[in-house]
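The values are calculated or read from the model by the stated rules, or taken from the named source; none is laboratory data. From a predicted model like this one, the values you see are computed outputs, not experimental measurements. Because the Cβ atoms are built from the backbone with ideal geometry, glycine has one as well, and the counts that use them run over all protein chains shown.
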Amino acid sequence: MEWTFAVAGPIDAILELASGSISVTARSGSEVTVVLEPLGRNIERALEVIEAAEVTCDGNRLIVKVRKQARREAPLRMEVTLPDGSSIRANAASADVSAHGYLGDVEISTASGDIDSTGEVESAKVNTASGDTNFARVRSSANANSASGELSFESVGGRLTLSTASGGVEVGDVAGDASVSTASGDIRVHRLGASGKMRSASGDVELCLVERGEVSVSTTSGDVLVYVAKGVGTWLDLTSYSGSTNCSLPPEDGNRTGAELRLTCQTMSGDIDVRMGDEAGSANGQSHQLAG
């Protein structure tokens, strides 16, 4: 089934689906379209679920809710087209969620579904259990929490806050302050443009380029590798209780207060390695490629 609504500009969309897939596309125009169709073998059951769905658009708010069924779920494909700059709030259990084009604020919650945003969004807020999360570009802040899913962000223009238990973290460029914590997953940030706090229990931490501010890294058994931008005055505090510590930065005069970058690294059994940003082409990202 398909619904079409005329709107005056960007809208807020509330989307809810238990199983299947949700696809949101933003494009220029003043029209909203919603398509619900079966995704699986139980066509008859799926059509009953579609008939019972709530699909309304009142002013600048779109609501598409497919209620969770008492009987076995019938997976559906939900396709939504919105004007550029629209915001979405999606709630999915096992449904995958994908977003394309330029969107406003994006808030997504899933249990086991994957999340994939290939365009640009103003802000991102994600909560997921085991699903993987991938965002191309976030203009302002990004916040994501995951139990075992992987978290990947290509570019974040503001503050970044990520937390995962056993999933890994991969970040391209973050302009604002960053806080990243994992239990057993690895952390890799290609460029950290401001202050940052990285915490991992058994995962490795790699910062491919740090430039300024307060940057702290702590692990229990994971290794730490940090590349510092060339020419940046750096104050260092490196501590590894049973691992090795290596620093190839040139000696710097001065104190902690006057340094452009204040870098603290601490591990229990992991190794610590701090290098200049032009070593192995790290400053240009030549030796690293963002996953996904």
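Observations on the structure shown:
- Some residue of segment 276-292 being at pLDDT 95 or above and either within 26 Å of the chain's Cα centre (by Cα) or part of a loop (DSSP other than H, G, I, E, B) (or both): no
- Any pair with Cβ under 7 angstrom, 6 or more apart, that starts in segment 71-97 at a residue that is outside the structural domain of Gly40 (by TED's automatic domain parsing) and ends at one that is assigned to a loop (DSSP other than H, G, I, E, B): none
- Scan of segment 1-32 for residues that are under 27 Å from the mean Cα position of the chain (by Cα), polar (S, T, N, Q) and within 22 Å of Gly119 (Cα to Cα), ordered by number: Ser21, Ser23, Thr25, Ser28
- Residue within segment 161-176 that is touching a His at 6+ places or on another chain (Cβ under 7 Å), within 24 Å of Tyr241 (Cα to Cα) and in a strand (DSSP E or B) present: no
- Summed over segment 207-228, residues that are surrounded by fewer than 21 Cβ atoms within 10 Å (Cβ to Cβ), in contact with a Leu (Cβ under 9 Å, 6 or more places away or on another chain) and of a type outside the set (A, V, I, L, M, F, W, C) total 5.
- Val66, sole failed condition from (1) among the β-branched types (Val, Ile, Thr); (2) free of Cβ contacts under 8 Å to residues at least 12 places away in the same chain; (3) touching a helix residue (DSSP H, G or I) at 6+ places or on another chain (Cβ under 8 Å): (2)
- Candidates are the residues of segment 59-93 that are part of a strand (DSSP E or B) and in contact with a Phe, Trp or Tyr (Cβ under 9 Å, 6 or more places away or on another chain); the one that is farthest from Glu122 (Cα to Cα) is Val64.
- All positions within segment 101-119 that are of a type in the set (Asp, Glu) and surrounded by fewer than 18 Cβ atoms within 10 Å (Cβ to Cβ): Asp105, Glu107
- Members of segment 53-98 found to be hydroxyl-bearing (Ser, Thr, Tyr) and modelled with pLDDT of 95 or more, listed by number: Thr56, Thr81, Ser86, Ser87, Ser98
- A Cβ distance below 7 Å, combined with a sequence gap of six or more or placement on separate chains, defines the contacts here; from segment 16-37, residues that are in contact (Cβ under 8 Å) with a residue 60 or more places away in the chain reach residues that are basic (Lys, Arg) in the pairs Glu16/Lys65; Ala18/Lys68; Gly20/Arg77; Ser21/Arg77.
- Answer residue from segment 183-192, given it is of a type outside the set (A, V, I, L, M) and at pLDDT 95 or above and is surrounded by the fewest Cβ atoms within 10 Å (Cβ to Cβ) among those: Asp186
- Only listed residue being closer than 26 Å to Glu120 by Cα, without any contact (Cβ under 8 Å) to a residue 40 or more places away in the chain and of a type in the set (Ser, Thr, Tyr), chosen from Ser179, Ser166, Ser202: Ser179
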